[in-house]
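Notes follow once the structure below has been shown.
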Amino acid sequence: MTNTEERTKSTCPLVYQCRLPLSTSTVNHLADLPRRHLKAIRSRWRILPPGKITVIVLAVLRHDQRLADMARGNHVSESTARRWRHELIGLIAARAPRLDRALKKVARQGGEVVLIDGTLIRTRRRTGKADRRNYSGKHRSHGLHLLAVTDENGHLIWISAARPGRTHDNTAARHNHILAHLRAAGLGALADLGFRGLDNDILDPVIVTGYTATRTHKLTQGEKEANRVLAVGRAPVAHGFAHLKNWRILTKLRTDPARATRLLRALLVLTNLEINR
């Protein structure tokens, strides 16, 4: 036996502690989801208790810990940890609000406008022609397009399904019938120039965007002032994206894009739990 083989057999995995910056109430609230799920499917057996499983999944989402590392540190297989992650993400994502209900809730609470914007969640580059649609020329990176709606204070109330990175904001908004839902709820919306042309109603516009200069038309002082006021009103939407991207798993997604929608909606629920605690 060589010295290398002897050292390999004599070593043991090291486990270190890491602080999870989440409230105890959030962890307890989420741990109730798998408990109720196990009761619903009449299954009482898991190798670890629901609270411990919840902490493992939250560590993966918050700190982007590798599943293999978390699995070995808790003496379970990587496939078991992956199954727990998919299960809990699905249970949390099921609690994400629908667009029409989220807008009607804002209207009931006295809100008058919401903020709309799109962003790119970067992903690793995959091989093959199928990944070309995930390349965003605007950001010069591969990723998934995400449309979000926040209230006036920048609190996320809804996020769209994940789409290829080359998707335009207007395309995503039309696919989700944003304009129709806003009219049904009696709300207005502030948006950037990426949403120009979405609302062509000149007399009673619902979606307000800024003015843009062209070669033949320079912005007047009044139009510049209107753009400045609009930019101030839209600023809180960046706070909503910042809260969402605090979950470091979104730094560079390595999960299957087909599962990204459930992941994003689960993170929306987790973000609102932490903000509203």
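If you go through segment 55-80, how many residues are over 18 Å from Cys18 (Cα atoms) and either in contact (Cβ under 8 Å) with a residue 24 or more places away in the chain or open to solvent by less than 20 Å² (accessible area, probe 1.4 Å) (or both)? Walk me through how you get there before you give the answer.
Start the filter on segment 55-80 by keeping residues that are over 18 Å from Cys18 (Cα atoms), which leaves 76-80.
The next check asks that each one be either in contact (Cβ under 8 Å) with a residue 24 or more places away in the chain or open to solvent by less than 20 Å² (accessible area, probe 1.4 Å) (or both); those that pass are 76, 80.
Qualifying residue count, segment 55-80: 2.
Can you confirm whether Ala184 is small (Gly, Ala, Ser) and more than 30 Å from Ser23 (Cα to Cα)?
On the way: small (Gly, Ala, Ser): yes; more than 30 Å from Ser23 (Cα to Cα): yes.
So Ala184 passes the test.
Does Asn227 fit the bill of being open to solvent by less than 60 Å² (accessible area, probe 1.4 Å), more than 15 Å from Ile159 (Cβ to Cβ) and either in a helix (DSSP H, G or I) or of a type in the set (Val, Ile, Thr) (or both)? Even if it seems obvious, please write down each step before you answer.
Numbers: open to solvent by less than 60 Å² (accessible area, probe 1.4 Å): yes; more than 15 Å from Ile159 (Cβ to Cβ): yes; either in a helix (DSSP H, G or I) or of a type in the set (Val, Ile, Thr) (or both): yes.
In short, yes.
Here is a list: Lys104, Lys52. Which entry is closer than 30 Å to Asn176 by Cα and open to solvent by 70 Å² or more (accessible area, probe 1.4 Å)? Talk me through it step by step, then tell me what you get.
Working: Lys52 fails: closer than 30 Å to Asn176 by Cα.
Of the residues listed, the single one that is closer than 30 Å to Asn176 by Cα and open to solvent by 70 Å² or more (accessible area, probe 1.4 Å) is Lys104.
Suppose we keep only residues that are under 20 Å from Arg95 (Cα atoms) and modelled with pLDDT under 90 within segment 241-272. Which one would you say is farthest from the chain's Cα centre (by Cα)?
The extreme case among them is Ala258.
Scan segment 30-47 and tell me whether some residue there is farther than 22 Å from Leu253 by Cβ, among the polar types (S, T, N, Q), surrounded by fewer than 16 Cβ atoms within 10 Å (Cβ to Cβ) and modelled with pLDDT under 90.
Taking segment 30-47 first, the residues farther than 22 Å from Leu253 by Cβ are 31-47.
When the remaining residues are screened for being among the polar types (S, T, N, Q), the result is 43.
Then drop every residue that is not surrounded by fewer than 16 Cβ atoms within 10 Å (Cβ to Cβ), which leaves 43.
If we keep only those that are modelled with pLDDT under 90 as well, we get 43.
Yes, some residue in segment 30-47 is farther than 22 Å from Leu253 by Cβ, among the polar types (S, T, N, Q), surrounded by fewer than 16 Cβ atoms within 10 Å (Cβ to Cβ) and modelled with pLDDT under 90.
Can you find even one residue in segment 239-259 that is within 27 Å of Ala180 (Cβ to Cβ), of a type in the set (Phe, Trp, Tyr) and either open to solvent by less than 80 Å² (accessible area, probe 1.4 Å) or in contact (Cβ under 8 Å) with a residue 60 or more places away in the chain (or both)?
The answer is yes, given that some residue of segment 239-259 is within 27 Å of Ala180 (Cβ to Cβ), of a type in the set (Phe, Trp, Tyr) and either open to solvent by less than 80 Å² (accessible area, probe 1.4 Å) or in contact (Cβ under 8 Å) with a residue 60 or more places away in the chain (or both).
The values are calculated or read from the model by the stated rules, or taken from the named source; none is laboratory data. Quick caveat: nothing in here was measured; it's all calculated off a predicted structure. No Cβ is skipped: glycine too gets one built from the backbone with ideal geometry, and neighbour counts run over all protein chains shown. What goes into the accessible areas is simple: the full protein's heavy atoms, side chains included, and nothing from ligands, DNA or RNA. Shrake-Rupley method; radii C 1.70, N 1.55, O 1.52, S 1.80 Å.
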